[in-house]
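First the structure, in the form of structure tokens, and then the observations on it.
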Amino acid sequence: MINDLATPASPALPTDLSRRGFLRGAVLAGGGVVAATVAACAPGVTPPPWTLGPIGEPNPSSASGASTAAATPDASHDHGSPGASPAAGDHDANAAAVVKRFLDGESAAVEGAGNQPYGQPKLDGDTKVFELTIDPIKHRIDALKDPIDALGFNGTWPGPRIDVIEGDKVRAIFTNRLDETTGIHFHGQQLPNNMDGVPHVTQDPIQPGASFSYEFTARTTGSHMYHSHHNATDQVGRGLLGAFIVHPRDPAQRVERKYDVTQDIVWISNDSLGGFTINGRGFPATAPLVATLGDKILVRFMNEGVMMHPWHLHGMPMHVVARDGYELGSASFRCDTLGVNPGERWDVVIDCTEPGAWAFHCHILPHAEGRDGMYGMVTALVVQQPTAKTASTGIGTASTVRAAALAAGSTALLCRVL
Amino acid sequence: MINDLATPASPALPTDLSRRGFLRGAVLAGGGVVAATVAACAPGVTPPPWTLGPIGEPNPSSASGASTAAATPDASHDHGSPGASPAAGDHDANAAAVVKRFLDGESAAVEGAGNQPYGQPKLDGDTKVFELTIDPIKHRIDALKDPIDALGFNGTWPGPRIDVIEGDKVRAIFTNRLDETTGIHFHGQQLPNNMDGVPHVTQDPIQPGASFSYEFTARTTGSHMYHSHHNATDQVGRGLLGAFIVHPRDPAQRVERKYDVTQDIVWISNDSLGGFTINGRGFPATAPLVATLGDKILVRFMNEGVMMHPWHLHGMPMHVVARDGYELGSASFRCDTLGVNPGERWDVVIDCTEPGAWAFHCHILPHAEGRDGMYGMVTALVVQQPTAKTASTGIGTASTVRAAALAAGSTALLCRVL
Amino acid sequence: MINDLATPASPALPTDLSRRGFLRGAVLAGGGVVAATVAACAPGVTPPPWTLGPIGEPNPSSASGASTAAATPDASHDHGSPGASPAAGDHDANAAAVVKRFLDGESAAVEGAGNQPYGQPKLDGDTKVFELTIDPIKHRIDALKDPIDALGFNGTWPGPRIDVIEGDKVRAIFTNRLDETTGIHFHGQQLPNNMDGVPHVTQDPIQPGASFSYEFTARTTGSHMYHSHHNATDQVGRGLLGAFIVHPRDPAQRVERKYDVTQDIVWISNDSLGGFTINGRGFPATAPLVATLGDKILVRFMNEGVMMHPWHLHGMPMHVVARDGYELGSASFRCDTLGVNPGERWDVVIDCTEPGAWAFHCHILPHAEGRDGMYGMVTALVVQQPTAKTASTGIGTASTVRAAALAAGSTALLCRVL
């Protein structure tokens, strides 16, 4: 059982999965049903634009919800192609265009998604060996901005998501390919002092070209992180960060089992070099969370930035079940807005009881919306109808959601793998 | 029972109620008794200036608490009339003058107080219909600053406080009188997706001159908000925000009944265009909370700003009973300083066991005090002696407090109305 | 029993205690054992520099943890003497030098440590009389920076730590030696209104040269503060702050007894005039916390600044047991990162189960590390092996830790005194 993470059943990524098509299906299903239901009691309300026509075509209706509009904007604006910017200052056209990019699946289209599952580690006896490089990278925040000179683990920001089981012997070998020194701290783990990754205190800095092996038994269960602890304002701000999850050995104790969740999602924020990001991306390139009506999903918030961010989910509350990996027990609570301070991790379970596309964003508004529409720390939780999901893609229900989530680059479905 | 909010018994606002007189009475009663009690063990302590003489006359004593003063400021300074500013740089004179404005009841003197109860909605069958305009307004932060170009619902910042009962069918019709588009989000409510108010995602923007009807059944009990979700950094920062309270259908489940509170107070902070405000006003125009010794009061903190604010009450702890409308139950706690992040709502019950005038302010000190004295996010909880209150106004106990609170523009007494 | 704090047994401060020697011993013991233990499974890892050779000699090895280094920095850099700054821009040399200053015991070497126990108050009948001056002071943030023009109580920033017992009659006489007015607020205490220390509201400002007596019965148990409440952004920012602890009368109710802690540590942060400080000092002049393996220690976080700080302890979790002096009970929780907002106090118990030197810092990284290494809000929790501690100093176990802690200027061992 100790190595059950070492041989994950790789969820097949169907080559014919169209992210754009998937999301359109999801939205048609979830949103459309809702629109139809409500139409009776809200006559005159135009269904959301994304429920009409193929994505990519001009919005067929920009009329307001009531017939009393004194001014109607020029519907001939091309809100569609990401490359064509509306005129500066045209708030609505810009705001619509950026939402369209999100709904068209920009997150899947941008190369280099971070936070991907590390996958199967090598085994050295009963030690799980994770090999990570520390790299200068060109990183894209979204599809239109120029890539930035950033740092990554194994070439991505965030680095690979590492999942282990309580009691696993872990060896994480970091090779420094930067032209500066560094050191890696496993934030939240109880481990031997000389494995703590604080250069000049518990070890020498890792020189350019050199490697360092962090070796410890994974004792501290829950949601943790690994990141630079050397010139860290700069190095973490440029991307040297990743998720480290320790699942309880007893499956019955795992959060994902306790709450019967179908998805296990890591959500890392940062707010320095790349602006306001979730898993290394800013809206509209942030990945949507896609779930099925009736599902419960687990979101592990992690803050690798320098500011507190209060995450607000529309439509449904969050059940907050763990803090820094420690279950809250009788101190657990429900909320719809959860402030996460730098360095903290909070596990929340969301019961996806409401169909539709729900905004999910930082409620410090300038981190989420500007004069040209939403940007930065915004994504959506899309709750699909169970029937619609299959119809839209022709792929089995569970694997569709998982494949889409993996393609989106922000979600990892490990519940069934562990 | 479903419509018991539709026919509230309007608390009479006595035309002869002098806010200035009321507050003077309150303070004399609460503060004076305390001063007298303590005098025996702190000889030489001058009673607070506001316990002496009619408000508006010069402070009869600015001598220090002990007789060893090496330097005594010029007592001839006119700390009194709001229009007469002491010399720049004279900290104490400026600080005293601004406190005097507060004690003189500036909050009641400034036109256009927001957060007033919406009152009785129209009924369309069993649907409660709330009609709100979205307006450009001239808004006063206090009596001396020039009005600012702001936004309001029904002409005020915050907009009207809306109270409904769990299970109520709600129709909120917003008419956009701005020259820009907008959309309104009921923050915290579980509602149909196309009623969620996120332009370009769940609806088209509401055009200038147009209306939009948000129609839903109020399912999510507790302290919630409504605000712009369109160009929202700007529009919420300029005042498009208000409280939306859903009281449990079962009266025994209502916070105000569970804790036997006599007042139900909404406290919305903002920190953008208008500076640091509570219910749209900065000190000294913030409304005091006025209670009677032995009362319990409910304060519903809501943060519509972009910064966390840690609210600190002097003299008594706060019992924190709900977060974002969800009761904390075994996770409830007591504190005297409560950080409220943007988008969060926290319900606290205060047991008014200590008589006197207690400062109640944000403990990020630059949000509350500058080189010319207190400003911004400061108010006071005035706990009166039961006997004094009646004497000071000649009006019955309960109605006095309520009338004063309503006049102050910051408190709403709906406990007995519901 | 009421006066058991009035006659504390003064822990002897051995004159021969070498802070440098003590810390070297501690580190050799804790860190060295760990290094030896782990060496078997992490071959090639260089022991931390501070486990080798006398402190003050050049680091014998700056080779990286593996033999694949492509570039090795010039090991002839003098990382040692605090007075000799490495070349600007040489990050590692600067970062190492500042850590060395910390390990050499800079906190004990800098004059004027604040937060020292007030000691035995005078008695006037059964009233405990505390006499405090309010002074302009020259304050050192660390050994190398020029002293700053600050404010202090009894000449220090923070002022003396005051400990009383629930029910004690307290008279705190503050004499204002500044050339400006002031007023002192006992933050968190329930006391008579005219003792609340809000100038112009509950009292007149204390004039230069004058005194004011705050007289009250200590009713509110737990971790509280006293600080200026007059021109407070400025005056608290310059140092007018201190800890006020009210221990429950029933010893069985005291946090230190309930959790069997061996140390009772006050940790006050500030972030204005002096930059990012813990108990008035910035790294490397912050005092380390020194404990023995198996000990439990109590840390009372208090935030006197204007920003939230999320405190992160490496290696072990914190058990959060009280907030603003109120025990959390069933709402208590464990975490490794704890956000503390301005004005809040949080009591945490740390079970020192992991030997070594563990970083303990604010996780807003720019508050803790810059381009020239760590600074500001950083210290360490040093967990020693029980045997090593004695060997390093020749003094008995318990008193060694206490004396060292007292010498360091940041910890107060009152558990056995009360």
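The values are calculated or read from the model by the stated rules, or taken from the named source; none is laboratory data. Since the model is a prediction, treat every value here as computed from it, not as a measurement. Please note: Cβ atoms are built from the backbone with ideal geometry, for glycine as well, and neighbour counts cover all protein chains shown. The protein model used for the area step is the full one, side chains on, heavy atoms only, and it has no ligands, DNA or RNA in it. Shrake-Rupley method; radii C 1.70, N 1.55, O 1.52, S 1.80 Å.
A few comments on the model shown:
- Within region C:184-218, the only residue that satisfies the criterion of being surrounded by fewer than 24 Cβ atoms within 10 Å (Cβ to Cβ) and acidic (Asp, Glu) is C:Glu215.
- Test set (1) within 12 Å of chain B (Cβ to nearest Cβ); (2) more than 28 Å from A:Gly275 (Cα to Cα) - A:Ala368 fails condition number: (2)
- Among (1) more than 9 Å from chain C (Cβ to nearest Cβ); (2) open to solvent by 10 Å² or more (accessible area, probe 1.4 Å), the one test that A:Ile245 misses: (2)
- Strands (runs of 3 or more DSSP E) wholly inside region A:171-271 that include at least 3 residues being in contact with a Lys or Arg (Cβ under 8 Å, 6 or more places away or on another chain): A:211-217, A:222-228, A:241-247, A:263-270
- The residue of region B:141-151 that is nearest to B:Thr175 (Cα to Cα), among those that are in contact with a His (Cβ under 9 Å, 6 or more places away or on another chain) and open to solvent by 10 Å² or more (accessible area, probe 1.4 Å), is B:Asp149.
- Qualifying residue in region A:318-334 (condition: more than 9 Å from chain C (Cβ to nearest Cβ), of a type in the set (Ser, Thr, Tyr) and closer than 25 Å to A:Phe102 by Cβ): no
- Tabulated pairs, region C:104-130, first on the phi > 0 side of the Ramachandran plot, second outside any loop (DSSP other than H, G, I, E, B) and aromatic (Phe, Trp, Tyr), C-beta under 9 angstrom, 6+ apart or interchain: C:Gly105/C:Phe22; C:Asn115/C:Trp267
- Here B:Thr221 meets each of (1) among the hydroxyl-bearing types (Ser, Thr, Tyr); (2) open to solvent by less than 20 Å² (accessible area, probe 1.4 Å); (3) closer than 30 Å to B:Gln253 by Cα with one exception, condition (2).
- Scan of region B:366-377 for residues that are under 27 Å from B:Gly222 (Cβ atoms) and open to solvent by less than 10 Å² (accessible area, probe 1.4 Å), ordered by number: B:Met377
- A:Glu180 meets the conditions (1) touching a Ser or Thr at 6+ places or on another chain (Cβ under 9 Å); (2) among the acidic types (Asp, Glu); (3) within 11 Å of chain C (Cβ to nearest Cβ) in every case but one. The failed one is (1).
- Meets criteria (open to solvent by 20 Å² or more (accessible area, probe 1.4 Å), within 13 Å of chain A (Cβ to nearest Cβ), under 18 Å from the mean Cα position of the chain (by Cα) and among the hydrophobic types (A, V, I, L, M, F, W, C)) for C:Phe276: yes
- Among the residues of region B:207-231, those identified as touching a Ser or Thr at 6+ places or on another chain (Cβ under 9 Å) and farther than 18 Å from B:Gly155 by Cβ are B:Gln207, B:Ala210, B:Phe212, B:Glu215, B:His229, B:His230, B:Asn231.
- Residue within region B:243-260 that is closer than 28 Å to B:Asp179 by Cβ and touching a strand residue (DSSP E or B) at 6+ places or on another chain (Cβ under 9 Å) present: yes
Residue by residue, here is whether (1) among the polar types (S, T, N, Q); (2) open to solvent by 30 Å² or more (accessible area, probe 1.4 Å); (3) closer than 30 Å to B:Asp104 by Cα; (4) more than 26 Å from the chain's Cα centre (by Cα) holds:
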residue: B:Val129; (1), (2), (3), (4): no, no, no, no
residue: B:Thr133; (1), (2), (3), (4): yes, no, no, no
residue: B:His139; (1), (2), (3), (4): no, no, yes, no
residue: B:Asp163; (1), (2), (3), (4): no, no, no, no
residue: B:Arg177; (1), (2), (3), (4): no, yes, no, yes
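- Taken as a whole, the condition of being over 26 Å from the mean Cα position of the chain (by Cα) and among the β-branched types (Val, Ile, Thr) does not apply to B:Val98.
- Some residue of region A:254-271 being within 12 Å of chain C (Cβ to nearest Cβ), open to solvent by 10 Å² or more (accessible area, probe 1.4 Å) and among the basic types (Lys, Arg): no
- Only strands (runs of 3 or more DSSP E) whose full extent lies in region C:298-365 are considered here, and the ones with at least 3 residues that are open to solvent by less than 10 Å² (accessible area, probe 1.4 Å) are C:309-313, C:318-323, C:337-340, C:345-351, C:356-362.
- Any chance C:Pro288 is buried (at least 24 other Cβ atoms within 10 Å of the Cβ), within 25 Å of C:Ile162 (Cβ to Cβ) and within 14 Å of chain A (Cβ to nearest Cβ): yes
- Restricted to region C:77-127, and to residues there that are hydroxyl-bearing (Ser, Thr, Tyr) and at pLDDT below 90, the residue that is most open to solvent (accessible area, probe 1.4 Å) is C:Ser85.
- Consider region A:233-267 and keep the residues that are charged (D, E, K, R) and within 19 Å of A:Asp295 (Cβ to Cβ). The one that is modelled with the lowest pLDDT is A:Glu256.
- B:Pro317 falls short on exactly one of the conditions (1) farther than 22 Å from B:Asp142 by Cα; (2) touching a Lys or Arg at 6+ places or on another chain (Cβ under 9 Å); (3) touching a residue at least 40 places away in the same chain (Cβ under 8 Å), and that condition is (3).
- Being away from chain A (no Cβ under 14 Å), more than 20 Å from the chain's Cα centre (by Cα) and among the basic types (Lys, Arg) is a description that does not apply to B:Lys296.
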